[in-house]
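Here's the structure we're looking at; comments come further down.
The values are calculated or read from the model by the stated rules, or taken from the named source; none is laboratory data. None of these values were measured; they are calculated from a predicted model. Ideal geometry is used to build each Cβ from the backbone, glycine not excepted, and the neighbour counts take in all protein chains shown.
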Amino acid sequence: MSYIYFGSKWGDKSLLDEIFLKYNIAFVGFKDDDADYKKALEKTKNTYIKKGTKIVIAEGIKVKAVGIAISDSITLDKLIKEYNNKDKEQIKNYLSYIDDTILCVKAKLYKLSLEDEFNFGSQARRFCNIKDSITKDNIDKLLKKYSGNMHMVNLKENCIKLLKENYNLILTGAPGTGKTYLAKQIAARIIFNDDKKEYIEALEEDEDFKNQCKFVQFHPSYDYTDFVEGLRPIKDSNSNIVFERKDGVFKEFCKIALKNLIDSQKDVSELNEDTIIKNNLIKFIDDVSNIVNEKGYFEIDGIDRKAAPLDEIKLNNDLVYFAPQIKSRLSVSLSLDTIIEFYKKFIKVFKVKNKWECQDFINEFGYEGKHTYIHGFLKAFYEKYNSQIEEELKNNTNTVKKVQKKNFVFIIDEINRGEISKIFGELFFAIDTGYRGVKGKVLTQYSNLIDEESEKYFYIPENVYIIGTMNDIDRSVESMDFAMRRRFAWKEIKAKDTQYMLDNILDNEVLDEAKERMNKLNEAIEKIEGFNSCYHIGASYFLKLKNYYDNSRDNKEAFTSLWENHLKGLLYEYLRGMPDAENKLNELKNAYSTLQTSGTSQDNNVAQNTDINSNGNQ
């Protein structure tokens, strides 16, 4: 395997970004009066540059990029015929002439980050084969790093595009292909809308990420009540066990996203009004609580007459609970945001008429049977804090910033391990890409237990994205029905797609062998009748080599441990029930154990897996 060194300057112009990286080519040339360059070039031309040759590009002695040839070398005047006129002119503008003395090769090139740039050595070594083993090792490490990173970037970008276009995406593929990790990478990009944002474990503690990304894992016991809503046992004030309707994890998540969406559509003055009302409302709840603790009750007015006083009130997170002093133990639970909206409606009529008519109140607010106590609560709040609220609004107190619309990502790991149609229920309709927002609203199964009319309906806001992961060959679970499948975009993550996972984890001395064994094993798996790429072994399994390999143990022992402790059992399950299963397992073991006797497979991986179209673009 050859290693060739190219310069990236022609005169005072840098060719690296403008020509080499843009058109995926590299070339060398010389001037008529430059005998040393001519001699070096002729030496290189005589050996030619073959497909798979590793390339170093430098400015002066500073290495700026590495790459690999994806074609044999030709002269630039022949290559340039493949480009359109505009591209031809740009290339010509950077050259003093175009003639047959310029040697060119199509290449996949990677520009190094500043921390990865290194000094090559004397400029006199330009355009010649690299023989220094230390330099070769450095090039190999950088190629593995950048080719792996670029493959990951391209895969991730494709998935992000699919998700943005479809709102719902399922990552499917062989075991151990890093689908869950990729889902979190995608989520980080969607949430932060930043091309440079990468998922790392520390992000799990980031407040924005925690609020905007939810992760659940489906399993056979998971059901609608966990996901959408259901009845949950709670203790009442007398320590009796009663059942209360509770939002499931997905419905609760969608409500948070919807609040952001609604707030982002409000102007600053409306947001400021809501904030002022909320701050005073919290004070009022605290006042009522103190009076109840002191007197045992808090008096309120009904619509037409006195109402039973409140003997209990509490604020839990953003949920307000209060109950009147009556035998039926009737109670009211409202979110702070709901009370704020109710209050703004309440004062519009109360300021004009100083009174609400009973039926008008029921029609506007709902909650028939509880409307008296909601009216009494709002009126008491109005009488005690309305003047304070108006004063703060007049003085523009507590000014807030405009709320930015955010994206929210809900990740469902092992999505096919649950009974999907049962878990989603009527959301089968609402998750459809064309029915995001109010037009996709549905009545939920427990809507008859919800008093407020607007709260009975549920829909998925347009700022919510859903990512599912699944292993499509898992025999222990039900397959996803076709109607549900068509509501998602699908992306298969193949075992070879995620080999980059190994690059920065395994030592170089086992890395190439791990990839070669993995490729050979997967090729053998696919030859078995009825098997395909879904049955491949992913790179995550080979990460376990790190557990077995250290300086005191050789490669063979580590790979044997990986086979015996992890791969053999999985493959046996694949083959269970097949005729001649033992022989097939032995064939897979032989494929896993057989290595090339000369060279390494990794030397050709980048070249074999990289191609260009007729315009020279990847």
Checklist entry - buried (at least 18 other Cβ atoms within 10 Å of the Cβ), without any contact (Cβ under 8 Å) to a residue 60 or more places away in the chain and farther than 30 Å from residue 222 by Cα - does that describe any residue in the range 363-383? => result yes
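Please find, within the range 66-88, the residue that is farthest from residue 2 (Cα to Cα) out of those that are of a type in the set (S, T, N, Q) and in a loop (DSSP other than H, G, I, E, B).
The first filter runs over the range 66-88 and keeps only residues of a type in the set (S, T, N, Q), leaving 71, 73, 75, 84-85.
Add one more test, that the residue is in a loop (DSSP other than H, G, I, E, B), and what stays is 71, 73, 84.
On the way: 71: 14, 73: 13, 84: 31 Å.
Among those residues, the one meeting the criterion is 84.
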Checklist entry - Taking into account only those residues within the range 152-187 that are buried (at least 20 other Cβ atoms within 10 Å of the Cβ) and β-branched (Val, Ile, Thr), which is nearest to residue 490 (Cα to Cα)? => result 170
Checklist entry - Here are 418, 440, 425: which of them is small (Gly, Ala, Ser), at positive phi and either surrounded by 17 or more Cβ atoms within 10 Å (Cβ to Cβ) or at pLDDT 85 or above (or both)? => result 425
Checklist entry - Can you tell which of 53, 44 is within 15 Å of residue 107 (Cβ to Cβ), modelled with pLDDT under 65, surrounded by 19 or more Cβ atoms within 10 Å (Cβ to Cβ) and β-branched (Val, Ile, Thr)? => result 44
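Of the residues 303, 276, which is crowded, with 18+ Cβ neighbours inside 10 Å, over 25 Å from residue 445 (Cα atoms) and touching a Cys at 6+ places or on another chain (Cβ under 9 Å)?
On the way: 276 fails: touching a Cys at 6+ places or on another chain (Cβ under 9 Å).
Just a single option satisfies the conditions, and that option is 303.
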Checklist entry - So, of the residues in the range 202-235 that are among the polar types (S, T, N, Q) and outside any helix (DSSP H, G or I), which turns out to be surrounded by the most Cβ atoms within 10 Å (Cβ to Cβ)? => result 217
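Suppose we filter the range 384-410 for residues that are touching a residue at least 40 places away in the same chain (Cβ under 8 Å) and outside any helix (DSSP H, G or I); how many remain?
Result for the range 384-410: 15.
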Checklist outcome for this item: Per the list (1) in a helix (DSSP H, G or I); (2) surrounded by fewer than 18 Cβ atoms within 10 Å (Cβ to Cβ), residue check on residue 266 breaks on (1)
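From the set of residues in the range 1-41 that are assigned to a strand (DSSP E or B) and aliphatic (A, V, I, L, M), which is modelled with the lowest pLDDT? If you could, list the steps in order and put the result at the bottom.
Pass one, the range 1-41, residues assigned to a strand (DSSP E or B): 3-7, 9-10, 13-14, 25-28.
Subset that is aliphatic (A, V, I, L, M): 4, 25-26, 28.
Numbers: 4: 72, 25: 86, 26: 83, 28: 68.
Among those residues, the one meeting the criterion is 28.
Residues checked against (1) in contact with a Leu (Cβ under 9 Å, 6 or more places away or on another chain); (2) under 25 Å from residue 532 (Cβ atoms); (3) part of a helix (DSSP H, G or I); (4) not hydrophobic (A, V, I, L, M, F, W, C):
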residue	(1), (2), (3), (4)
171	yes, yes, no, no
184	yes, no, yes, yes
188	yes, no, yes, no
195	no, no, no, yes
198	no, no, no, yes
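Quick one: how many residues across the range 288-298 are surrounded by 14 or more Cβ atoms within 10 Å (Cβ to Cβ) and either free of Cβ contacts under 8 Å to residues at least 12 places away in the same chain or under 17 Å from residue 340 (Cβ atoms) (or both)? Explain how you work it out, then say what you get.
From the range 288-298, those surrounded by 14 or more Cβ atoms within 10 Å (Cβ to Cβ) are 288-289, 291-292, 297-298; that's our starting set.
Those left that are additionally either free of Cβ contacts under 8 Å to residues at least 12 places away in the same chain or under 17 Å from residue 340 (Cβ atoms) (or both): 288, 291.
Residues in the range 288-298 being surrounded by 14 or more Cβ atoms within 10 Å (Cβ to Cβ) and either free of Cβ contacts under 8 Å to residues at least 12 places away in the same chain or under 17 Å from residue 340 (Cβ atoms) (or both): 2 in total.
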Item to check | Given (1) surrounded by fewer than 19 Cβ atoms within 10 Å (Cβ to Cβ); (2) touching a helix residue (DSSP H, G or I) at 6+ places or on another chain (Cβ under 9 Å); (3) not aliphatic (A, V, I, L, M), index of the condition residue 410 fails | outcome: (1)
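Residues are listed down the side, and each one gets a yes or a no for (1) under 44 Å from the mean Cα position of the chain (by Cα); (2) of a type in the set (Gly, Ala, Ser):
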{"position": "320", "(1), (2)": "yes, no"}
{"position": "326", "(1), (2)": "no, no"}
{"position": "338", "(1), (2)": "yes, no"}
{"position": "345", "(1), (2)": "yes, no"}
{"position": "350", "(1), (2)": "no, no"}
{"position": "358", "(1), (2)": "no, no"}
{"position": "369", "(1), (2)": "no, yes"}
{"position": "376", "(1), (2)": "no, yes"}
Checklist outcome for this item: Pairs returned, first residue in the range 432-444 that is under 15 Å from residue 163 (Cα atoms), second residue that is among the acidic types (Asp, Glu) and surrounded by 15 or more Cβ atoms within 10 Å (Cβ to Cβ), beta-carbon separation under 8 angstrom, 6 or more apart or interchain, are 436/462
